[in-house]
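The values are calculated or read from the model by the stated rules, or taken from the named source; none is laboratory data. Since this is a predicted model, take the numbers as computed values, not measurements. We place every Cβ from the backbone using ideal geometry, glycine too, and count neighbours over all the protein chains shown. Calculation scope for accessible area: heavy atoms of the full protein, side chains included, ligands and nucleic acids excluded. Shrake-Rupley method; radii C 1.70, N 1.55, O 1.52, S 1.80 Å.
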Amino acid sequence: VLTSPHCGLVSEYARRSINAIMYQQTTWKSWLLRLGTLMTLLFTTLSVFLLSGMLSSSKKYIQEEIAIDSISNSALSSNNALSNSVLRINSALKSNSALKELNQTLQSRLPQVLIIGAKKCGTQALGDMLSMHPRIVRAKAEKHFFEDEFNNYERGIDWYQAQMPPTAEGQITIEITPRYFISPEVPSRVHDMNSSIKLLLIVRDPVTRIISDYAHVLHRNRMWEWKPLQPFSHEIFTPDGKVDKGNFIVRPSFYGLHMINWLKVFKQEQILILDGERFLLDPLTEVIKVEKFLNLPSALNSSNFYYSAKKGFYCMKNSEKDWCMDENKGREHPRVDPKVISKLRQYFAPFNKRFYKMIGQEFNWPII
C-alpha cells in the first residue's frame, strides 16, 4: 500500500519514517510514539488510496454517462433526420401524384372561343395579351381549318382538335384565324362544331386597315421575292378609278357584308366586337371587355401594361413573362396621298353606317 503510486508524497514520507523507526536508538516511549505516528500514516495512506479509487470510478462513471448522452443525442438526431426524410418522401409522392393527376386532366380541347378577324386590326396582339390571363390558352399560329382555301376542313374535326394546346379543366382555348371573318363557308361550319361558341371580332377604320394590309403584303413579297405589288393607288383602284371591291387587300374592309354571314348563324350576343383604335391606345379597356364577355375573373390591370416607344404600342408583363410584338408587327405605313385617303373614306362611309346599324355600335370613323 505504501508504495502505491496513488499515495504520491505521502508514500515517500512513510518510507522515511519507517527507516527512522528501524534504525534510530530510542526509548520504549519513543517507540510507542513512533508506532502511533506510523499507524496514523498507514490510516492516512489507506484513506488516500481508497479516495483515489473512488475518484477514478467516478470519473469513469461520468465518462460513461457522457458517452450514453452522446449516443442518445446521436440517435435522436438520426431519428429527426429519418423523420425529415420520410416527410420529404411523402411530399415528393404527393407532388408526383398531383403531377400525374394534372397530366391526366391536361388534354387538347376544341376551342371555346375564336378570334375571327379582322385582318390587320390587332388580332394577334389581342390573342397574345389575352394569353397572359391564367385561364386562357391560345393556339399557336393560324390553323385555317374552317375555310376552303387550305383544305384543312377535309382532315376532320379530330385533326383540328389535335392542333390545340393542352389545357386543364376550366381553362379556355382560343384559336385565331383572321380569314374566318371573310370566308362565307366558315360560320355554318363553326356552328356545326359548337353552336354556343363565343366569337371575338376586332375592327378599325377600314381605310387605315387597307393601308396596313398593303404595307404587310408589300413587306412579305419583298422578303420572299414574290411578285412586287403595284403602287398603292394602282393596287386599290380599277383602271377607271373605282375602288376594286374584289381586291384581296380591299375586300376585308367591307365589315357589314361579312358580318351578315355570321349573324345568319349566330346570335349577336355570341359575338363581341372590339374597337381596334381604342385597343391601340388603351388595350386594357378592350381586354377587360373580353374578360367580362367570357365570364372570367379579372386578372389583368394597368401594372401589366407598359408603352414601348420603339414599337409605338403597348407591351405586357407579369411575374412569368414579358411580351411585346415581334419585328413584323407595327411596321411603318407607306405614305399615301391624302386625296386618295379622303376618296376611300367617302367611299366607305355608307358601308360603315350600315355596319354600325347592324351591330348597334358606332365607331365614328372619319368620313373624309
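At-a-glance table
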quantity	calculated
Estimated translational D of the stretch 251-291 in µm²/s (Stokes, Kirkwood radius over Cα pairs; 10 °C; 1.306 mPa s)	135
Ratio of the Cα radius of gyration of the stretch 246-368 to 2.2 N^0.38 Å, where N counts its residues	1.28
Area accessible to solvent at W224, 1.4 Å probe radius, in Å²	150
Dimensionless Rg over Rh [the stretch 130-221; C-alpha; Kirkwood]	0.99
Alpha carbon Rg of the stretch 296-368, scaled by the compact-globule rule 2.2 N^0.38 Å	1.62
Accessible-area value, D326, 1.4 Å probe, nucleic acids and ligands omitted, Å²	90
Neighbour cut-off at most 11 other Cβ (10 Å), DSSP loop, GluC sites (Glu not before Pro), the stretch 261-340	E320, E327, E332
Shape of the stretch 193-316, Cα gyration tensor, a/c cut at 1.5	oblate
Cross-link partners of K311 among aspartates and glutamates (Cα-Cα below 18 Å; sequence separation of 8 or more within a chain)	D128, D213, E277, D282, D322, D326, E327, E332
Over the stretch 211-264, volume per residue of the alpha carbon convex hull, in Å³	95
Spin-label pair R251/N221, simplified geometry with 7 Å Cα→Cβ offset, distance in nm	1.6
Kirkwood Rh (inverse of mean 1/r, distinct Cα pairs), the stretch 101-156, angstrom	13.4
Area accessible to solvent at K289, 1.4 Å probe radius, in Å²	70
Distance histogram in 10 Å bins (all Cα pairs of the stretch 182-241, percent per bin)	17, 30, 28, 21, 4
26 Å Cα-Cα threshold exceeded, pairs from K120/K317; K143/K242; K143/K353; K120/K357; K119/K357; K264/K353	K143/K242; K143/K353
Span from the the stretch 117-167 Cα centroid across to the the stretch 233-300 one, whole angstrom	17
Under Karplus coefficients 6.51, -1.76 and 1.60, residue-wise ³J(HN,Hα) of the stretch 174-190 in Hz, glycine/proline x	10, 10, 10, 9, x, 5, 4, 4, 9, 9, x, 7, 6, x, 5, 5, 5
